[in-house]
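Scroll down for the structure; my scribbles are underneath it.
The values are calculated or read from the model by the stated rules, or taken from the named source; none is laboratory data. The shown structure was predicted, so the numbers you read here are calculated from the model rather than taken from an experiment. Here the Cβ is made from the backbone with ideal geometry for all residues, glycine too, and neighbour counts use every protein chain on show. SASA here: full protein model, heavy atoms, side chains in, ligands and nucleic acids out. Shrake-Rupley method; radii C 1.70, N 1.55, O 1.52, S 1.80 Å.
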Amino acid sequence: MAEIVLTTDKTMMSEYRNIPLADFFGCAPVERVPERLFNFIATPLPTKDGIAIYAPYGLRKLEAALLKGFPSDEVVVVDPDYLAKFVDEKTKVIGISSMDPLGLGPVTMMFTFGGQLTSYTRKRFLELVYQADAIRKSKSKNAKIVVGGPGAWQLDTKRDLLESLPIDNLVQGELDHVAVEVFKRAEEGSLPRNYRVLGWPKVEEIPPIVNPAMNGMIEVMRGCGRGCQFCAPNVRSARYMDLDKILKEVEVNVKGGKSAIWAHSDDIFLYKLEDRRHFYPNTDAIVELFQAIMSFKGVTHSNPTHGTIAPVIADEKLLPRLSPVLKAGPDNWIGIQPGLETASGELLAKYMRNKMLPFAPSEWGDVVFEGTRAFNENYWFPAYTMIMGLPGETEEDVWESVRLIDRMERELPEKIGPKAHFVAVPLSFVPLAVLSKEKFFDVGKEMNEARFALLYRTWRHTAKEAMYFSQAVKSVPPYLRPILRALISIGPFIILHYMEKWGRSMGFDVDKAFHVPG
């Protein structure tokens, strides 16, 4: 049917009913979350005779890059359930994109107790690899199975497992400028089994997508530049997409039926950054970007994916200028995922000296608090990530983070009333980037009372926020809304109950999560 057939596993081929943060549901352990419940939330994307109408953005980007050297009818993106339909004797490559193939991502390692349990991401990825191998054996024996995507590093880390899998080539790195060459070498059998692309494409070498992406995703920049040692995007140079290219992707998504546009970046507040010494945001460029997106005919909503905290108080006019453009308000909260990481000034100074610029590491607690206040006052909902188990982390470092969460819970409502909203999610340290030689944090073996207190306190707050926002779910038919709302609002409290039992079984004092030492 096609020379190159591209797909990904089922955890990636879902918009999870557009429930906020439900994209992480694939990180849940199969031993704890019934498959029927997972399938209810992780509904598959629509297809046209098996061809994906929407697909993960990374697959769409690869598709666009391959179309620079292959005919359009020879490259197809398909739902994994229809893979067999599109592979035949003319197929030369089955390309599989991965996000969390072995369950080693920070979210998954926390949810699976350091890999003691099996995540849906791992289960579904391995099922797809063996499914692809069985299909090619019966229909196209010469086809190569090529695996890449953001999660390819996990297979590189577990070389023994990689050797046991029916994968012909593992590809790591940005492919936009070399995709055609890489896939032709894979077809010929001359591509090394474990291949790493060196360097990065220039902006002009990155093609816009040609078919609509999940969530109406577009890309506005790559890389970051703050230099946090634990973060993979920081090893990539920062590049900014020009408005013409961005709007071409908006047009593709709108024509495909997507009126809500997710603007992806590693840090939206660094878009077209000019001040690389103090990191004051280029507010004019950020506002211009979203004015162009929101002005596009057919677009009704837009929000960024990731951002940092410091810029929103470094320039106090940033959010007040940007929020009206995005139509932020009581019925339209703008979600964003910033990294809080830790409240420890010592760890901040050691691993992420530029994260809080133009402020000092010692000011980070105030930066987070005032940044959250600024987000909330302008109807932005920050979903903070934190890192548990950074190398050299002490119990006192963690208690500092617990104290910060405590302060935010108590004092934010006093300052801004019912507009005070945030979640903070502690994630396992995963050795990447500069810290790639360090060890994974082991949730099961390295949990202590301070870490448990942080985990319990943040999850309790998340449960409360889930209860509040469960009433806003409108993405399912009316007859299903009560069921979904019940799952969203009650589920976290059930987890909280088991978390409390787990903590007590290890001898931890749960009350310390609310009566913080020091």
Inset, instruction - With Cα extents along the principal axes in Å defined as stated, name the option among (i) 68, 52, 50; (ii) 71, 65, 46; (iii) 81, 67, 62 computed from the structure displayed. - result: (i)
Legend entry - Highest to lowest packing among 453-461, 86-94, scored as the average C-beta count within 10 Å: 453-461, 86-94
Legend entry - Lone cysteines, the chain (no partner Cβ under 4.7 Å): CYS27, CYS224
Legend entry - Viscosity 1.002 mPa s, 20 °C: Kirkwood-radius Stokes-Einstein D of the stretch 165-244 over Cα pairs, µm²/s: 145 µm²/s
Legend entry - Accessible area per residue in Å² at 1.4 Å probe, computed on the chain: 42 Å²
Inset, instruction - May I ask for the angle, rounded to the nearest 10°, between helix 449-469 and the longest principal axis of the chain, with both axes built from Cα atoms and the value confined to 0 to 90°? - result: 80 degrees
Inset, instruction - Any chance you could check the Cα centroid distance between the stretch 14-34 and the stretch 210-272 for me, in angstrom? - result: 23 Å
Inset, instruction - Please get the size of the charge dipole for the stretch 63-219, origin at its Cα centre, with Cβ charges of +1 on Lys and Arg and -1 on Asp and Glu, quoted in debye to the nearest 20. - result: 500 debye
Legend entry - Label zone at ILE483, where the point sits 7 Å out along the Cα-to-Cβ direction: the stretch 37-51 residues whose backbone N lies under 15 Å: 37-44
Inset, instruction - Only helical DSSP H runs with n ≥ 4 go in: add -39500 (n - 2.57) per run for the chain, normalise by residue count and round the 222 nm mean residue ellipticity to 500 deg cm²/dmol. - result: -11500 deg cm²/dmol
Inset, instruction - May I ask for the distance between the Cα centers of the stretch 389-427 and the stretch 125-195, given as a whole number of Å? - result: 42 Å
Inset, instruction - When a/c is below 1.5 the answer is rounded, else prolate if a/b is larger than b/c, else oblate, so apply that to the stretch 405-444 with a ≥ b ≥ c taken from the square roots of the Cα gyration tensor eigenvalues. - result: prolate
Legend entry - Whole-percent carbon and sulfur share, accessible surface of the chain, 1.4 Å: 53 percent
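Let me check against my output: what whole-number percent is the relative contact order of the stretch 1-141, with C-alpha pairs under 8 Å and at least 6 apart?
For the stretch 1-141, the relative contact order is 40 percent.
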Inset, instruction - Report, in debye and to the nearest 20, how large the dipole of the stretch 122-184 comes out about its Cα centre when Lys and Arg carry +1 and Asp and Glu carry -1 on their Cβ. - result: 400 debye
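Where does each of SER164, SER72 land when they are ordered by accessible area, with a 1.4 Å probe and the largest first?
SER72, SER164
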Inset, instruction - Using the structure shown, select from LYS350/LYS437; LYS137/LYS437; LYS68/LYS255; LYS158/LYS445 the pairs with a Cα to Cα distance greater than 27 angstrom. - result: LYS137/LYS437
Inset, instruction - Can you find, among GLN131, LEU326, VAL203, the residue farthest towards the positive end of the dipole of the chain? Put +1 on the C-beta of Lys and Arg, -1 on that of Asp and Glu. - result: GLN131
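Let me have the relative contact order for the chain, percent, based on Cα pairs under 8 Å that are six or more residues apart.
It rounds to 12 percent for the chain.
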Legend entry - Dipole in debye (nearest 20) - the chain, about Cα centre, beta carbon charges: Lys, Arg +1; Asp, Glu -1: 840 debye
Legend entry - 0 to 90° range, to nearest 10: angle between helix 481-505 axis and the chain longest Cα axis: 70 degrees
Inset, instruction - Give the percent of DSSP beta bridges with both residues in the chain that are antiparallel, rounded to the nearest 5. - result: 15 percent
Legend entry - Angle in degrees between helix 395-416 and the longest Cα principal axis of the chain, rounded to the nearest 10: 80 degrees
Inset, instruction - Taking 7 Å along the Cα-to-C-beta vector as the label spot, tell me the GLU251-ASN448 distance in nanometres, rounded to one decimal. - result: 5.8 nm
Legend entry - Net charge, MET352 excluded, C-beta distance under 10 Å - Lys, Arg +1, Asp, Glu -1: +3
Legend entry - Those aspartates and glutamates that a straight Cα-Cα span of less than 13 Å connects to LYS415, excepting residues fewer than 8 apart in one chain: GLU370, GLU377
